[in-house]
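The values are calculated or read from the model by the stated rules, or taken from the named source; none is laboratory data. On a predicted model such as this, the values are computed, not experimentally measured, just so you know. Cβ placement follows ideal geometry from the backbone for every residue including glycine, while neighbour counts extend to all protein chains displayed.
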Amino acid sequence: MTTPHRRHERTARPPSVDALARSLAGSGLPHPLLVDAARSAIAAGDPASAPAVVEQLRAGLLQPVINATGVLLHTNLGRAPLAVDHGAGYVNLELSLATGRRASRQDHAGGLLARACGAEAALVVNNGAGAVLLALAALAGGRPVVVSRGELVEIGGGFRIPEIMEASGARLVEVGTTNRTRVADYHQAMAAESPALLLKVHASNYRIEGFTSSVGIAELAGVGPPVMADLGSGLLDAACPWLPSGPPPWLAAEPAVRQTLEAGAALVTFSGDKLLGGPQAGIVAGRAELVAACARHPLYRVVRPGTLILAALQEVALAYLAREADQLPFWRAATAPVEELRQRATRLGRSPGPEPVACSSVAGGGALPGVEIPSWGLVLPGDHTAPLRGWRPRPIIARVHDDDTVIDLRTVDPADDPTLATAVEALGVVGR
Ligand SMILES: *Cc1c(COP(=O)(O)O)cnc(C)c1O
């Protein structure tokens, strides 16, 4: 085997790292990254591969992609899509324009979200996991928290209720069994312990079917201690007053924030970037004194959100209050009429080549497991996901089903259809 060094001796002298890096300047990437690319291409004994290395570097950067997976809340693609229009400049993050005094960064988005879901108060943190951790630490640090064994879930990304509980300093008291927990189990735990909270966790990403029972919020609220409900998905209101035709059938089993609070939960926690359709955030909403206790806890300082998130979430909250949340990109995609998707698929699919096909989208993001949302897309024989991912300037993320590539149009912005058409045509696929 020839080492790269030997090979250089026998062939032409390799170009200098600097000259090669400068030759890549057209890529627009900063010089130090081009130096890295040049170095690694020369080290591999293949200076001509430098442009490909640069392309790899570029592909590693955060960039817009076309989500053709049909997964509405794709965690790998940033969950809910959101347009952020945030000019440079200072904002009144913690300043009252009325008094000129220091105010709270929770006054705008937090206050509006509370109003939108019917809570006394709400607090915004960086993500749903942070909301749960903060609430448990602030309200139950060093004290028992009762949870059904059927709700000791793992959400994904390493979020496991028993571990979060331990990290918060609260002491987990398990009751019931995996499939059945009754209200008597909670009463029994009450008699033995003096719990700070009863925690109910929405088993977002899986379902237990068959011989099961669990205790509803209203019944739990009658047991005694405050009930905290980790809802996860953040559907604001089961009636979906922001959707002109009401809640779609696929949402039927999803617990909602407003109704959970009305049923008697003292506190709820949920994510900003799941069914709420906002930026990555976590929201703690409920009784004012409990939310205030969360805001006073030292951990709040660790999980507090920044201006970008709060500005985006304020827009989302205003959209809900104006009953215009159907215009949020997530709800637009989620509720796009099947007939509209079929027409788009028919326009894009032509024979021979990709064919229009009826398919099913899913909510994703650990929400609504097993629930299918009717959709339309294109089917291409064979696995073409790699070239589609390599499409520039907008990588296209599709899925493979039964050895076919499926491009689901529900999650594709109609404005991206022409890009999709060009990319699919470039594949040169001939249909069956
Ligand atoms: C998603 C989810 C979480 C975690 O929220 P992140 O925003 O992903 O941190 C916690 N609890 C439940 C029930 C969830 O569904």
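Numerical summary
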item: Every residue from the stretch 75-106 that is under 30 Å from ILE155 (Cα atoms) and surrounded by 10 or more Cβ atoms within 10 Å (Cβ to Cβ); result: THR75, ASN76, LEU77, GLY78, ARG79, ALA80, PRO81, LEU82, VAL84, ARG105, GLN106
item: Qualifying positions in the stretch 374-402 - modelled with pLDDT of 95 or more, within 21 Å of ALA358 (Cβ to Cβ), assigned to a loop (DSSP other than H, G, I, E, B) and not aliphatic (A, V, I, L, M); result: ASP383, HIS384
item: Residue in the stretch 239-269 that is nearest to GLY128 (Cα to Cα), counting only those that are in a helix (DSSP H, G or I) and either modelled with pLDDT under 95 or within 13 Å of the ligand (Cβ to nearest atom) (or both); result: VAL257
item: Subset of the stretch 50-74 [at negative phi, of a type outside the set (Ser, Thr, Tyr) and in a loop (DSSP other than H, G, I, E, B)]; result: GLY60, LEU61, LEU62, GLN63, PRO64, VAL65, ALA68, HIS74
item: Flag if ILE283 is part of a helix (DSSP H, G or I) and either of a type in the set (Asp, Glu) or within 16 Å of the ligand (Cβ to nearest atom) (or both); result: no
item: Options GLY282, GLY278, GLY232, GLY272: the member that is surrounded by 23 or more Cβ atoms within 10 Å (Cβ to Cβ), at pLDDT below 95 and touching a helix residue (DSSP H, G or I) at 6+ places or on another chain (Cβ under 9 Å); result: GLY232
item: Of all residues making up the stretch 286-315, the number that are of a type in the set (Ser, Thr, Tyr) and either outside any helix (DSSP H, G or I) or touching a helix residue (DSSP H, G or I) at 6+ places or on another chain (Cβ under 8 Å) (or both); result: 1
item: Verdict on ALA121 being more than 22 Å from the chain's Cα centre (by Cα), under 23 Å from LEU261 (Cβ atoms), more than 16 Å from the ligand (Cβ to nearest atom) and small (Gly, Ala, Ser); result: yes
item: Residue list for the stretch 270-280, restricted to those being more than 9 Å from the chain's Cα centre (by Cα) and part of a strand (DSSP E or B); result: PHE270
item: Those strands (runs of 3 or more DSSP E) lying entirely in the stretch 145-238 with at least 3 residues away from the ligand (no atom under 12 Å from the Cβ) and more than 26 Å from the chain's Cα centre (by Cα); result: 171-175
item: Residues satisfying the stated conditions in the stretch 164-180, i.e. at pLDDT 95 or above and on the phi < 0 side of the Ramachandran plot; result: ILE164, MET165, GLU166, ALA167, SER168, ALA170, ARG171, LEU172, VAL173, GLU174, VAL175
